[in-house]
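The values are calculated or read from the model by the stated rules, or taken from the named source; none is laboratory data. All figures in this text were calculated on a predicted structure; none of them were measured in a lab. Every residue, glycine as well, gets a Cβ built from its backbone with ideal geometry; the counts of neighbours run over all protein chains shown. Surface areas here come from the heavy atoms of the whole protein model, side chains and all, with no ligands, DNA or RNA. Shrake-Rupley method; radii C 1.70, N 1.55, O 1.52, S 1.80 Å.
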Amino acid sequence: MSLYSSLLRPVLFRFEPETAHRLTLAALRVPGLARLFVPSKPPREERVNLMGLTFRNRLGIAAGVDKNGETPLAWKDLGFGFAELGTVTYHPQPGNPRPRVFRYPAQQALVNRLGFPNVGAKAFASRLRWLRTHHAIEDFPIGINLGKSKVTPLADAPADYLGSFKLLHALGDFFVINISSPNTAGLRDLAQPQELRRLVSALQDHNQSVAGPKPLLLKISPDTEDRYLPNLVEITREFKLAGIIATNTSSQRTQEDPHESGGLSGRPLTHRAQAVAKMIRPLLAPDQILIGVGGVMNSGNYQARRQAGADLVQMYTGLVYLGPTAAWDILGSS
Ligand SMILES: Cc1cc2nc3c(=O)[nH]c(=O)nc-3n(C[C@H](O)[C@H](O)[C@H](O)COP(=O)(O)O)c2cc1C
């Protein structure tokens, strides 16, 4: 039993999930604190170059963990190879009423209906600008996940995403177009081919018009029916996106799953996220990458996702249950 599961996790799990998350991020903001909880040697390295970026290993932090870009460097100290920050929206917004995150330890699952609470793209940009000017961040790519502001009508989504993208373009190493979170009304309608083309072309046109275009990826839902997956991938090829992130949380439930409404993540998602990764891989162009996420709770899940063709792997819920040594538990020690 680790120090986390025997001591720290029981204390944190006494708090409401969102409060526990706040406390964790506050602790991680203390410089160097994260390193006290982990082995002195980094987890097993596997340097790899993808999308023109160098990763020291293939395991990253998924979107939602650090929504406001508060602790990007702590994730490096915790052994991860990259972090995806956000979701950030153009307008600052409070998200849905609490409670909005629920823990299910017996199922190693979470349900959330946060609805993108975040400081907004402008404040997010100032924070990252400060970080970039005060720290040389090497071999630790930082992605930024973009979503639609709640106040923006669906028809104006392209301009809303584009507003955030312009503010943040210079500050992220790669960008993720999020059309798959289940907690913003209508967001998933942006996966309809016509809507998606409009959104992706607005972002890619801008991206290609500036010096130093950034890799753009599409994050998809596990609830997309199998027969629509080829169409989604085709659109990413048409607009030369760098790849796909599969998957976000699920709104679907089996009898045994937690029934709270929102997006389900963790162990109940493992099977579907793995299946989607397997279906997506052969459809991608050779120069596109696949980032596999969803129910990666141990090294077996990680290996399986890699075998399904994921170039990179991310986690969120596994981090809650495994704690600060998650990257070592999954990648092994060096
Ligand atoms: C509390 C919580 C908040 C999340 N917030 C976001 C988000 O803001 N944007 C996003 O694209 N995905 C978000 N996700 C989804 C994760 O990035 C990930 O795709 C999903 O949880 C599946 O991975 P997991 O099983 O390892 O948690 C969130 C997940 C959780 C549990």
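Answer rounded, prolate or oblate for the chain, using the Cα gyration tensor with square roots of eigenvalues a ≥ b ≥ c: rounded when a/c is under 1.5, else prolate when a/b is larger than b/c, else oblate. Kindly include the intermediate steps, with their values, before the conclusion.
Details: a/c = 1.30, a/b = 1.22, b/c = 1.06.
In terms of gyration-tensor shape, rounded.
So which residue, out of V210, V176, V293, gets the largest mean-square fluctuation from a GNM of the chain using Cα contacts under 10 Å as springs?
V210
With label points built 7 Å along Cα→Cβ from the Cα atoms of A27 and I137, find their separation and express it in nm.
Each label point lies 7 Å from its Cα, and together they span 2.3 nm.
Multiplying the sequence separation of L7 and K240 by 0.36 nm and subtracting their Cα-Cα distance, what value in nm do you get? Walk me through the numbers before you get to the answer.
On the way: separation 233, 0.36 × 233 = 83.88 nm, distance 4.75 nm.
Fully extending the segment from L7 to K240 adds 79.1 nm.
Rounded to the nearest 20 debye, what is the charge dipole size of region 3-331 about its Cα centre when +1 sits on each Lys and Arg Cβ and -1 on each Asp and Glu Cβ? Write down the numbers at each step before the final one.
Working: 38 positive and 27 negative charges, 104 e Å.
For this selection, approximately 500 debye.
With every protein chain kept in place and ligands, DNA and RNA left out, what is the accessible area per residue of the chain? Probe 1.4 Å, answer in Å². Present the calculation step by step, with values, prior to reporting the outcome.
On the way: 14170 Å² over 334 residues.
With the other protein chains kept in place, the chain gives 42 Å² per residue.
Can you tell me how much longer the chain between Q194 and L154 gets when fully stretched, taken as 0.36 nm per residue apart minus their C-alpha distance, in nm with one decimal? Each step should come with its number before you reach the end.
Values: separation 40, 0.36 × 40 = 14.40 nm, distance 1.27 nm.
Gain in length upon complete extension: 13.1 nm.
Taking every Cα atom in region 49-109, find the radius of gyration and the maximum pairwise distance Dmax, and write them in Å.
Answer for region 49-109, Rg first and Dmax second: 14.8, 41 Å.
Using only the Cα atoms of region 1-110, build the gyration tensor, take square roots of its eigenvalues as a ≥ b ≥ c, and label the shape rounded, prolate or oblate: rounded if a/c is under 1.5, else prolate if a/b is larger than b/c, else oblate. Spell out each step's value before the answer.
On the way: a/c = 1.82, a/b = 1.18, b/c = 1.54.
Here region 1-110 falls in the oblate category.
Rounded, prolate or oblate: which one fits region 231-334, using the alpha carbon gyration tensor with axes a ≥ b ≥ c (rounded when a/c is under 1.5, else prolate when a/b beats b/c, else oblate)? The partial results should precede the final answer.
Details: a/c = 2.27, a/b = 1.25, b/c = 1.81.
Oblate is the answer for region 231-334, as a/c is 1.5 or above yet b/c matches or exceeds a/b.
Filter K214/K278; K76/K122; K67/K150; K122/K166; K76/K278 down to the pairs with a C-alpha to C-alpha distance above 19 Å, please. Before the final figure, lay out each step's value.
On the way: K214/K278 26 Å; K76/K122 24 Å; K67/K150 16 Å; K122/K166 10 Å; K76/K278 28 Å.
In this structure, K214/K278; K76/K122; K76/K278 lie more than 19 Å apart at Cα.
Counting alpha carbon pairs within less than 8 Å and at least 6 residues apart, what relative contact order, in whole percent, applies to region 77-157?
Values: 98 pairs, mean separation 36.9, N = 81.
Reported as a whole number, the value is 46 percent.
Restricting to DSSP H runs of at least four residues, report the calculated mean residue ellipticity at 222 nm for the chain, -39500 (n - 2.57) per run over all residues, nearest 500 deg cm²/dmol. Working shown, then result.
Numbers: 12 runs with 111 residues, N = 334.
Calculated at 222 nm, the ellipticity per residue is -9500 deg cm²/dmol.
Taking all protein chains as present, what is the carbon and sulfur share of the accessible area of the chain, in % to the nearest whole number, probe 1.4 Å?
On the way: 7880 of 14170 Å².
Carbon and sulfur: 56 percent of the exposed surface of the chain.
So for the pair S209, A185, with labels modelled 7 Å out along Cα→Cβ, what separation do we get in nm?
Taking the two extended label points, one gets 3.2 nm.
Sequence gap at least 6, Cα distance under 8 Å: using those rules, report the relative contact order of the chain to the nearest whole percent.
Computed over the chain, the figure is 19 percent.
FRET efficiency for E16 and R127, Cβ-Cβ distance as r, R0 = 30 Å, nearest 0.05?
Numbers: r = 25 Å, r/R0 = 0.84.
Given R0 = 30 Å and the Cβ-Cβ separation, E is 0.75.
Given the Cα-Cα distance of Q307 and N231 and 0.36 nm per residue of separation, how much length would full extension add, in nm? Please report the intermediate quantities before stating the final value.
Values: separation 76, 0.36 × 76 = 27.36 nm, distance 2.34 nm.
Between Q307 and N231, full extension yields an extra 25.0 nm.
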